[in-house]
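Notes to accompany the following structure.
Nothing in this text is a laboratory measurement; each read-out follows from the coordinates by a stated rule. Note that the coordinates shown come from a computational prediction; the quantities given were computed from them, not determined experimentally. We place every Cβ from the backbone using ideal geometry, glycine too, and count neighbours over all the protein chains shown.
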Amino acid sequence: MRLLQRLALSFVIPALWAPLAHSEVVEQVAAVVNKKAIYKSDLSLFRSTLPLRAKVDPLFGGEPLAKKTSPTDQEILDFLVNESLILEKFPASDGEVEQEINGIQTNMRINRDALRAAIRREGFRFEDYFRLMRSSLSKRMLIEREIRNKAAVSEDEIRSEYNRTHSGSKTFRGSFRLHLIRVEKKNYKTPTLAREAANEALAALGKGEAFQEVASRTHVDGGSGDLGFLSYSDMQPAIQQEVRRLGSGKTGGLIEDASAYMIVKVGEVRAEADSGLDRERDSIRARLMDAEFRHQLKLWLERERSKNLVKVNLRS
């Protein structure tokens, strides 16, 4: 009987272990972009190749992710979803990647073996380098075909940016178009009532009503409305202080002096011809171009996400 039991177990036990012996490790799918899966292991690979990506990815340097030493899984996954959309829209063939790498070798005057050795010394595999070069080519195609021609900065925008960043300085030489609501205390029985009227005007502006409409119906004295262009020296101290704090197109809070409550809005700002704009024009243009480039890239990615099937499975 014991022999029969041992024989029976010898068939049963292998049968129980057989499925485990032939089972495969199933990776967790973090996201799906159309028919392409992004796995949890791709997030680990991203972390391990961050220094290499920083050298070859033309879009990575401007990403907030690039400035973080320990990005979260969700941040990495969002980047990889965007990258997958770009790769699908602008695919780069193996031949194109090879051609790009050959060009790099020619410029560096090294052969493939030397390039592989250099990559190994950095702690990476050549396969990782090849994969990142493919995404680099796809992103450069996106830049050239969709982004660069839309990212433009005008001279007016450069001038406005200069004025915006310098108008608060005590050394700024220029003028401001000011709009003012002035509520005279003498026109009310008490200063408290005058303040209430000024606060009502401020609340109306906060709801989006036009400045001139609010000014016209507020009980004011003759010093309200469009004051034209004034320099700092033309303004009374309380208004000057508020204008320094505000930027072009901004409306301030309630200002009080001995005789009135006031609300000021800054319209156009004009710098004098020799104000220093010429010295900073190129740096301002570069800064605005970078911001506009990022803006256009963001719009493109948002459109692609809306048009394609993107399903994120990773829990934040």
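Based on other C-beta atoms within 10 Å, arrange E268, E88 from fewest to most.
E268, E88
What is the helix-to-structure angle for 2-21, meaning the angle in degrees between its Cα long axis and the longest Cα principal axis of the chain, kept from 0 to 90 and rounded to the nearest 10?
40
Which of the lysines could be linked to K189 by a straight reach, that is with a Cα gap under 30 Å, when you skip same-chain ones fewer than 8 residues away?
Of all the lysines, those that pass the test against K189 - Cα under 30 Å, at least 8 places apart if same chain - are K207, K265.
Non-local amide H neighbours of T49 (under 5 Å, H modeled in plane, Pro and chain starts lacking H): which ones?
none
Roughly how many whole Å is it from the C-alpha centroid of the range 234-258 to that of the range 56-93?
44
Ranked from highest to lowest mean number of other Cβ atoms within 10 Å per residue, what is the order of the peptides 177-186, 289-298?
For the peptides 177-186, 289-298, the packing ranking is 177-186, 289-298.
Calculate, in nm to one decimal, what E200 and E268 gain on full extension: separation in residues at 0.36 nm each, minus their alpha carbon distance.
That pair, E200 and E268, stretches by 21.9 nm at full extension.
Using only the alpha-carbon atoms, how far is helix 73-89 inclined from the longest principal axis of the chain? Give it as 0 to 90 degrees, nearest 10.
Helix 73-89 sits roughly 80 degrees off the main axis of the chain.
Specify the angular offset, from 0 to 90 degrees and rounded to the nearest 10, of the alpha carbon long axis of helix 94-108 from the longest principal axis of the alpha carbons in the chain.
70
Taking the Cβ of N82 as the center, what net charge do the other residues with Cβ under 9 Å away carry, scoring Lys and Arg +1 and Asp and Glu -1?
-2
Using a basic spin-label model with each label point 7 Å from the Cα along Cα→Cβ, how many nm lie between A238 and S93?
Between A238 and S93, the label points sit 7.4 nm apart.
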